[in-house]
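A.B. asks: I have a structure here, written as structure tokens, and I will follow up with some questions on it.
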Amino acid sequence: MIPERPAILLADHWQDYQLLDSGDGMKQERWGDYTLVRPDPQIIWPRHGQKPGATWKEWDGFYHRSDSGGGRWEYRRPLPDHWNVRYDRLNLTFKIRPTNFKHTGLFPEQAVNWEWFSARIKSAIAAGREINVLNLFGYTGAASCAAAAAGASVCHVDAAEGMVKWCRENAALSGLEKAPIRYIADDCLKFVQREARRGRRYDAIIMDPPTFGRGSTGEMWKLEDHLWTLLTECRELLSDKPLFFLINAYTARLSPTVVANLLAELLHGRKGKITAGEVGLPIKQDGKVLPCGIYGRWEA
């Protein structure tokens, strides 16, 4: 029996990506022409209709976890160093590359947020506004590309220079080489503080804070200690008529209700609407849903 779907936003409009199957701590995914099997800590259920420990026969790359931490990829056939996938609904193209820490450079469930804020940016621009977006902990820049494709000027910030370079590559693949995107490799909190001193203002802020992390010069980031400080610093960067504020999170230490409460306190006195919940991916094999993180949105 398939359980009723939880209250979750599903990224179910992909053509080049599909979550094929899941179970026993692993997921089988199609990324364009290639099938990868990777661990996922959320998948504590068994594979549907299979004996415990059964593995998939169809895969091109399989990530094996190591007992000492990290892991390695096993390939059944030579794969290119990287390849591309498209998100046709927003005319975006992204570089996919399996990394040593199991990721591929893209979180496909975030398509629900790209579509949500793209629609709001386009509406504001159609009404005659110029929209400036700040994307913090921007990773490989999928959200930055989506905002730029919608017509916004974007400031993309990540502490890792390699991720900032990857964002540039994604922008080029999406035909956004000349789009107004600033690429910044820096500690996010320190950058926000400097932006406030410079008097810069943004109409929208996107952030995807990690549980732990280090800045570009070794500064330690710890979510429960530093998130509220970052949020209050970001509040100083909001324009007189902000459009939205989006928080994504993948840590079990935050719930949608916690994120909603943070936004309510942060933006107290501003007229707007707050929504929060989960984002996820549909599983082709059996109709389950894989929860992939949480979001909190404030919109004017």
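The values are calculated or read from the model by the stated rules, or taken from the named source; none is laboratory data. It should be emphasised that the depicted structure is a prediction, and the values quoted were computed from it without experimental measurement. Methodologically, a virtual Cβ is constructed for each residue, glycine included, from the backbone with ideal geometry; neighbour enumeration extends over all protein chains shown.
A.B. asks: Among residues belonging to the range 91-104 that are in contact (Cβ under 8 Å) with a residue 60 or more places away in the chain and more than 15 Å from residue 35 (Cα to Cα), point out the one that is surrounded by the most Cβ atoms within 10 Å (Cβ to Cβ).
C.D. replies: Taking the candidates together, the pick is 94.
A.B. asks: Out of curiosity, is residue 240 of a type in the set (Asp, Glu) and closer than 23 Å to residue 165 by Cα? Steps first, answer last, please.
C.D. replies: Working: of a type in the set (Asp, Glu): yes; closer than 23 Å to residue 165 by Cα: no.
Taking the combined requirement at face value, the residue does not satisfy it.
A.B. asks: Based on what the data block shows, is residue 189 touching a Leu at 6+ places or on another chain (Cβ under 6 Å), surrounded by fewer than 22 Cβ atoms within 10 Å (Cβ to Cβ) and in contact (Cβ under 8 Å) with a residue 24 or more places away in the chain? Quick ask: steps written out before the conclusion?
C.D. replies: On the way: touching a Leu at 6+ places or on another chain (Cβ under 6 Å): yes; surrounded by fewer than 22 Cβ atoms within 10 Å (Cβ to Cβ): yes; in contact (Cβ under 8 Å) with a residue 24 or more places away in the chain: yes.
Yes.
Table: residues versus (1) in contact (Cβ under 8 Å) with a residue 40 or more places away in the chain; (2) under 18 Å from residue 248 (Cα atoms); (3) touching a helix residue (DSSP H, G or I) at 6+ places or on another chain (Cβ under 8 Å).
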site	(1), (2), (3)
127	no, no, no
132	yes, no, no
135	yes, yes, yes
140	yes, yes, yes
153	no, no, no
156	no, yes, yes
162	no, no, no
168	no, no, no
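A.B. asks: Among what's in the range 201-218 and is part of a loop (DSSP other than H, G, I, E, B) and touching a residue at least 40 places away in the same chain (Cβ under 8 Å), pick the residue that is surrounded by the most Cβ atoms within 10 Å (Cβ to Cβ). Please lay out each step first, then the result.
C.D. replies: Filtering the range 201-218 for residues part of a loop (DSSP other than H, G, I, E, B) gives 201, 203, 208-211, 215-218.
Filter once more, so that each one left must be touching a residue at least 40 places away in the same chain (Cβ under 8 Å): 201, 203, 208-211, 215-216.
On the way: 201: 15, 203: 24, 208: 21, 209: 21, 210: 15, 211: 15, 215: 17, 216: 18.
Among them, the one singled out is 203.
A.B. asks: State the number of residues belonging to the range 151-169 that are assigned to a strand (DSSP E or B) and either closer than 21 Å to residue 86 by Cβ or touching a Pro at 6+ places or on another chain (Cβ under 9 Å) (or both). Talk me through it step by step, then tell me what you get.
C.D. replies: Start the filter on the range 151-169 by keeping residues that are assigned to a strand (DSSP E or B), which leaves 153-158.
Next, only the ones that are either closer than 21 Å to residue 86 by Cβ or touching a Pro at 6+ places or on another chain (Cβ under 9 Å) (or both) stay: 153-154, 156.
Counting residues in the range 151-169 that are assigned to a strand (DSSP E or B) and either closer than 21 Å to residue 86 by Cβ or touching a Pro at 6+ places or on another chain (Cβ under 9 Å) (or both) gives 3.
A.B. asks: Among the residues of the range 208-233, which ones are in contact with a helix residue (DSSP H, G or I) (Cβ under 6 Å, 6 or more places away or on another chain) and closer than 14 Å to residue 267 by Cα?
C.D. replies: Across the range 208-233, the qualifying residues are 230, 231, 233.
A.B. asks: Sort through 77, 97 and tell me the only one that's touching an Asp or Glu at 6+ places or on another chain (Cβ under 7 Å), over 20 Å from residue 279 (Cβ atoms) and at pLDDT below 95.
C.D. replies: Details: 97 fails: at pLDDT below 95.
Only one candidate qualifies: 77.
Listed here are the residues, each with its yes/no results for (1) of a type in the set (Asp, Glu); (2) crowded, with 16+ Cβ neighbours inside 10 Å; (3) out of contact with any strand residue (DSSP E or B) (no Cβ under 6 Å at 6 or more places or on another chain); (4) at positive phi.
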residue: 257; (1), (2), (3), (4): no, no, yes, no
residue: 260; (1), (2), (3), (4): no, yes, no, no
residue: 276; (1), (2), (3), (4): no, yes, no, no
residue: 286; (1), (2), (3), (4): yes, no, yes, no
residue: 294; (1), (2), (3), (4): no, yes, no, no
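A.B. asks: With 297, 253, 235 as the choices, which residue is modelled with pLDDT of 95 or more, basic (Lys, Arg) and under 18 Å from the mean Cα position of the chain (by Cα)? Spell out how you get there, then give the answer.
C.D. replies: On the way: 253 fails: modelled with pLDDT of 95 or more; 235 fails: under 18 Å from the mean Cα position of the chain (by Cα).
Selected residue: 297, the only one of 297, 253, 235 that is modelled with pLDDT of 95 or more, basic (Lys, Arg) and under 18 Å from the mean Cα position of the chain (by Cα).
A.B. asks: Within the bounds of the range 252-274, is there any residue that is among the hydroxyl-bearing types (Ser, Thr, Tyr) and either under 22 Å from residue 144 (Cα atoms) or not assigned by TED's automatic domain parsing to the domain that holds residue 211 (or both)?
C.D. replies: no
A.B. asks: Here's another thing I want to ask about it. Within the range 107-117, can one find any residue that is modelled with pLDDT under 95 and surrounded by 15 or more Cβ atoms within 10 Å (Cβ to Cβ)?
C.D. replies: Checking the range 107-117: not a single residue is modelled with pLDDT under 95 and surrounded by 15 or more Cβ atoms within 10 Å (Cβ to Cβ).
A.B. asks: Considering the range 149-163 alone, what residues qualify as being of a type in the set (Gly, Ala, Ser) and either closer than 15 Å to residue 190 by Cβ or surrounded by fewer than 24 Cβ atoms within 10 Å (Cβ to Cβ) (or both)?
C.D. replies: Here is the first cut: in the range 149-163, the residues of a type in the set (Gly, Ala, Ser) are 149-153, 159-160, 162.
Hits for the range 149-163 are 149, 150, 151, 153, 159, 160, 162.
A.B. asks: Could you list, in sequence order, all residues of the range 239-255 that are surrounded by fewer than 20 Cβ atoms within 10 Å (Cβ to Cβ) and farther than 28 Å from residue 153 by Cβ?
C.D. replies: Here is the first cut: in the range 239-255, the ones surrounded by fewer than 20 Cβ atoms within 10 Å (Cβ to Cβ) are 239-241, 250-253, 255.
Correct list: 251, 252, 253, 255.
A.B. asks: What do you reckon, is residue 153 at negative phi, of a type in the set (S, T, N, Q), more than 16 Å from the chain's Cα centre (by Cα) and assigned by TED's automatic domain parsing to the domain that holds residue 201?
C.D. replies: Values: at negative phi: yes; of a type in the set (S, T, N, Q): yes; more than 16 Å from the chain's Cα centre (by Cα): yes; assigned by TED's automatic domain parsing to the domain that holds residue 201: yes.
It is true that residue 153 is at negative phi, of a type in the set (S, T, N, Q), more than 16 Å from the chain's Cα centre (by Cα) and assigned by TED's automatic domain parsing to the domain that holds residue 201.
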